[in-house]
Amino acid sequence: MRRRYRVRWVVTLVAVIIAVVVPLVQTRINGWVSQPTKAQQQMVHAASSQLDRLTVKGRAPKTGYARSQFGDGWALVGQCDTRNLILARDLIDVHVSSACKVMKGTLNDPYTAKTILFERGATTSDLVQIDHIVALSNAWQTGAQQLSPLVREKFANDPLNLLAVDGGANQEKSDSDAASWLPPHKPFRCQYIARQIQVKTKYSLWVTSDEKAAMTQVLARCR
């Protein structure tokens, strides 16, 4: 009975943490509908305005880049790490253990439009991965070298820059920017590009000329 109460308490705690850490606008990722809503149109307009204000220049050398430049893995919020918080945010029908681990759930993958049944395990956990919408390597080459270690760690764990996605699509993307990779599921590209622009704006990163051209093209189609 006591263990059941503890599990219920942990699940409630996770829900509260997600509600506090993740803004309401980020709590559920939906595909772009065939007839854009007013809110979606406003999102495109805001993204276009932000893109116009981003600095445009070439990539800096990758020299010195390492994952450890952005912190030692996932940060902890209480006993919950960022990976499990994002899984709990983006999956549905989620089952959480007493140790704040997402054990299973269902992902409606925004990158491929596939439905993926997630179950924690040595051979199954990687079916769903957490993507940095602006890849860490890309960030390093577009301004993050100039950020403090503390801010880079915040960048790597920022819910705005994180999304639970199909593992294969995440591996395919790797550290690509918008000029070299876009989600195969085209209806999601508007939100994907808008999020990249929001992240680059938030952390004062720049874009390359090819990257900006690709972003501009996607946003034009969204209108």
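Quick notes on this structure:
- On the stretch given as region 168-196, residues that are touching a helix residue (DSSP H, G or I) at 6+ places or on another chain (Cβ under 7 Å), among the hydrophobic types (A, V, I, L, M, F, W, C) and open to solvent by less than 10 Å² (accessible area, probe 1.4 Å) total 3.
- Output for region 189-209, where each listed residue is among the aromatic types (Phe, Trp, Tyr) and within 13 Å of the chain's Cα centre (by Cα): 192
- From the list 128, 96, 165, 151, the one residue that fits, being among the hydrophobic types (A, V, I, L, M, F, W, C), crowded, with 20+ Cβ neighbours inside 10 Å and over 15 Å from the mean Cα position of the chain (by Cα), is 96.
- Residue check: residue 155 meets all listed conditions (1) free of Cβ contacts under 8 Å to residues at least 60 places away in the same chain; (2) under 16 Å from residue 70 (Cα atoms) but one, namely (1).
- Leading residue by the ranking (farthest from the chain's Cα centre (by Cα)) among those in region 78-93 that are at pLDDT 95 or above and loosely packed, with under 14 Cβ neighbours inside 10 Å: 93
- Any hit, region 22-31, residues being among the small types (Gly, Ala, Ser), open to solvent by 70 Å² or more (accessible area, probe 1.4 Å) and either under 28 Å from residue 108 (Cβ atoms) or at pLDDT 50 or above (or both): no
- So residue 75, is it touching a helix residue (DSSP H, G or I) at 6+ places or on another chain (Cβ under 8 Å), among the hydrophobic types (A, V, I, L, M, F, W, C) and open to solvent by less than 70 Å² (accessible area, probe 1.4 Å): yes
- Region 99-116: number of residues that are farther than 25 Å from residue 184 by Cα and either exposed (fewer than 15 other Cβ atoms within 10 Å of the Cβ) or small (Gly, Ala, Ser) (or both): 1
The values are calculated or read from the model by the stated rules, or taken from the named source; none is laboratory data. As the structure is a prediction and not an experimental result, all values here were calculated from the model. Neighbour counts are summed over all protein chains in view; Cβ atoms, including those assigned to glycine, are modelled from backbone coordinates with ideal geometry. Protein only, heavy atoms only, side chains kept; ligands, DNA and RNA dropped before computing areas. Shrake-Rupley method; radii C 1.70, N 1.55, O 1.52, S 1.80 Å.
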